[in-house]
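Structure first, then comments.
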Amino acid sequence: MTVTTTAPQAALGVLPRSDGSAKYSHAGYTLTASVNGPIEAQRRDEHAYEAHVEVIVRPAAGVGGTRERHLESLLQSSLAQLILVKNFPRSLIQIVLQVEDSPENDYVNTKLVQASLNLAIMPALVQTAILALLSAGVPMRATATATAVAVVHQDGAKKTVVDPSPREVETARSVHVLAFTSHNGLLLAESEGDFTVGEWDDVYETAKGICCRAGPAKEGTAMVLDDEEASATDMRQFLRSTMESKVAADLHWK
Amino acid sequence: MATGHPVVLPGETIDPSLIPSHPKNPLRLGPGLRHIPPTDIVPTVAGQLITNPIKNSMWIEYNSNRYIPSPNDLILAQILRSTTDFYLCTLSPHTAPATLPHLAFEGATKKTRPILQPGQLVYARVALANKHMDAELECVSSTTGKADGLGPLGTPTATSTAGGGCAFDISLGFARRLLMARSREEGGVGVLEMLAGEEGGGLAFETAVGRNGRVWVGSDSARTVVLVGRALQETDRGGLGLEGQRRLVKKLVREMR
Amino acid sequence: MTAPTIKLPAPLFARLSPHPFLLRNLTATAAAADPARPPAARTNGRGTNETRPLHAKASSLSHAHGSSLVRLGDTTVLCGVRAELLPVERIPLFRPVDRVGDGERGGGDGGDGGDGAGEGGRALLGRGELRDYDLLVPNIELATGSAPQFLPGVPPTALAQTLSTRVYSLLHSTGLVGVEDLRVWSKPGSGEGGDTEMEGAGEAQEVQEGVEEEDRVVAYWVLYIDLLFVSFDGNPFDAAWAAVVAALRNTSLPVARWDPEREMVVCSRTEKRQLNVRGLPVACTAAVFEEKELGEVGTGVVEGRHWLLLDPDRLEETLCREAITMVVDCSDGETRIKSIEKQGGTTIGRELIRGFAVIAEKRWKEVQGAMK
């Protein structure tokens, strides 16, 4: 099944009982996140000077395993950098991410026992968490955007694929996930496979073009982009328009 | 209000031309903004940037569900339990309790302090809110020594005759609109006036709106309490305008008869 | 200089306020500019770009098929590799494999004929089998008492689970072990056979299938890679990964062969075959220490100074939020990056990652020397 490169979609406030929530779907992944906080932290999580950020990732089926713990620790360390944790000492900000749907893969012998999550889900996790945090009105330093890029060697030529399908991830030379803050800082960089510094540089340019489009001036002409698909997705603009419609709905009485 | 107010996201730079510059008054920052010395003013939440050049103030208008105590807010608290010197009250679920001293009531002394049972609702003011401490509440004005309408709700007191009542959860933005001095004109909420007016057939009830997203409705008739509570909640969730509120009130009154 | 009235012995200072202690250490010597003293040093006496020497000892366990003991300063990891046979009948959704020379494709790796390039291309082959049948099973245990934060009788900590996942992903993405080494064929290849076979005690597995003329895979070796942290003083991943590589390089599997008469796989008692380990990926970790304690990031400008502390110890790890791990392999002469993991902050940007590749290269040479 090829992943349809449609624009990402999001809905905010889908769970009325939580402080903030978001449903996000992009590149075949659908996730729902809820954010609660600041609430009272358990004694062992309590920190005297800052809020404890707890991230829970639940897979679509079954209970989470070590892989989910790894994703949680990655998200936790990234989101704690964005949230103004020092505004809420001794409290807890809890983010629960439920994977609802991930792209199916007809080629790969999917494991029956444990549906393993891979790196490619990371951008969706980051985006959903950020949207839910914004929906909850949790004070933050900055927002962030993330994307996945795969370098595929096909017929002797290198190709950079944005939002790779599981099939492409499986056959790719290297897979990269990069997240940028809204101040263009590199928040998260996870890469695996086999690549050189030069290849990583190209990937960085591609990812930056998607995550932090700085107005009309596009930087880096050397990037090997998959034509119009890359120019269609502008994560920062997406985040902004999603929030604009949320704010407009909230402040309809103005 | 003017519609030209921009929507900002956390961490975005605010156009310097939007920052009010008053020759004398110091700049006042409201919710959703933080000042990074020396000169940066950065939003921390997503919302609409509102500036008031006359008062030289700016803030972010947004809606949320989690109440963070701030001094002088009127809130609706629920007594959790009593200790030797103060009551512990909840302002919102799963948060650390706020304290309400036994003596922070009108005319309270060591001997005449009010005895409140767990579960009792209290309309109070936030006296002290600090991120490192639990919030402290009061039911008396520290300058005048008068209650000014604050105190336990739902029991016959000097200010209230209604016996029963019920608290309803609403969003923080809606609570703020209800508390506006001219809520119909500024906040676009006329549902309470309508219920008491001709659309609602002149229902008799009392309300106490807490900034923590809770509103108490008291009336002699349980039917009225439920009707008013539902009207408030549906106005909030449905994002109804004045005309929608009028239709809602008419519909609810018809159903209740 | 500290205020003259208060004099604290260094260990007490470190205990009371670790962040200023480390900061003072990093800045004091630099400010003194004394040519006799080394430039800025950390509390452990190392320079910012100085790693602890890595000591690797192979074959430290007698009952495992391969083992290693790796010491990185006070971080000590013991790694044992145990191989067990997995008959294909026990594999749900097994997809038969043909022996078509090097061009064979395992289970999920069908198609994609254009993948011609040497080493990386070969690493791809059989990745599907290794993953689908779970032929590599790493597990990490942080022994009670290896560091004060590990308590007895608790479920595996998030750290242990995270490390296991990282080792697991890296094992697969680097293609360190090829699936061809783990396959057992029904017809022995040339150069094998003629040995005194016997049932390996716990390893010979019954295989109930009719006699087939065709050469086919009858079983797989499953490698259980167990890591035990004997003592823990920071930088667990580098040590764990070095131990895994050293142990796999030390692993020899008994020669296994299909016995058509008894319809089971039998292992040779004496004959062993060294496991083929491709390349030598080396992990290199650094943590970012920021001048401002609980510092603020994300305002665009990096506030205050920061230091990249290579091979952080336990104290340094608790004081740093941002960390980077880069896995490189220079065994082909060219530096290939196998993995980058950077998280927890925005200090490390593009330039620092580029520069870090050079540091990782240097580390690779050190580790290569230690692994010989």
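The values are calculated or read from the model by the stated rules, or taken from the named source; none is laboratory data. Being a predicted model, the structure only gives us computed values, none of them experimental. For neighbour counting, all protein chains shown are included, and Cβ atoms are generated from backbone atoms with ideal geometry for every residue, glycine included.
A few notes on this one:
- For A:TYR24, the test of being in a loop (DSSP other than H, G, I, E, B), at negative phi and aromatic (Phe, Trp, Tyr) is failed.
- Filter result for the condition that a residue is modelled with pLDDT of 90 or more, out of contact with any Pro (no Cβ under 9 Å at 6 or more places or on another chain) and more than 8 Å from chain C (Cβ to nearest Cβ), over A:VAL203, A:VAL197: A:VAL203
- Filtering the range C:143-172 to residues that are crowded, with 20+ Cβ neighbours inside 10 Å and closer than 19 Å to C:ALA242 by Cβ leaves C:SER146, C:ALA160, C:THR162, C:LEU163, C:SER164, C:THR165, C:ARG166, C:VAL167, C:TYR168, C:SER169, C:LEU170, C:LEU171.
- Tally, over the range B:49-62, of residues that are crowded, with 23+ Cβ neighbours inside 10 Å and facing chain A (nearest Cβ under 7 Å): 1
- Scanning the range B:77-94 for residues that are of a type in the set (Val, Ile, Thr) and touching a residue at least 12 places away in the same chain (Cβ under 8 Å), we see that the one that is farthest from the other protein chains (Cβ to nearest Cβ) is B:ILE79.
- Entry remark, the range A:61-81: residues being touching a residue at least 12 places away in the same chain (Cβ under 8 Å) and not in a helix (DSSP H, G or I) number 3 in total.
- If you filter the range B:33-59 down to residues that are among the β-branched types (Val, Ile, Thr) and not in a strand (DSSP E or B), you find that the one that is farthest from A:ALA144 (Cα to Cα) is B:ILE54.
- A:PRO123 vs. criteria closer than 30 Å to C:VAL358 by Cα, more than 10 Å from chain C (Cβ to nearest Cβ) and at pLDDT 90 or above: yes
- Number of residues in the range A:115-151 that are assigned to a strand (DSSP E or B) and under 8 Å from the mean Cα position of the chain (by Cα) equals 3.
Rundown of residues vs (1) within 7 Å of chain A (Cβ to nearest Cβ); (2) surrounded by fewer than 16 Cβ atoms within 10 Å (Cβ to Cβ); (3) in a strand (DSSP E or B), yes/no style:
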| site | (1), (2), (3) |
| --- | --- |
| C:VAL328 | no, no, yes |
| C:GLU334 | no, yes, no |
| C:ILE340 | yes, no, yes |
| C:GLY345 | yes, no, no |
| C:GLU351 | no, yes, no |
| C:GLY355 | no, yes, no |
| C:ALA360 | no, no, no |
| C:ARG363 | no, no, no |
| C:GLN368 | no, yes, no |
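- Residue that is farthest from C:PRO18 (Cα to Cα), among those in the range C:301-325 that are facing chain A (nearest Cβ under 9 Å) and assigned to a strand (DSSP E or B): C:ILE324
- Of the residues screened, C:CYS330 is not one that is at pLDDT 95 or above and in contact with a Lys or Arg (Cβ under 8 Å, 6 or more places away or on another chain).
- Test: residue in the range A:1-9 that is within 12 Å of chain C (Cβ to nearest Cβ), surrounded by fewer than 21 Cβ atoms within 10 Å (Cβ to Cβ) and touching a residue at least 24 places away in the same chain (Cβ under 8 Å): no
- Identity of the residue in the range C:262-291, more than 12 Å from every other protein chain (Cβ to nearest Cβ) and not in a strand (DSSP E or B), that ends up farthest from C:ARG363 (Cα to Cα): C:ARG262
- In the set (1) within 11 Å of another protein chain (Cβ to nearest Cβ); (2) at pLDDT below 75; (3) in a loop (DSSP other than H, G, I, E, B), C:VAL97 fails one condition alone, (1).
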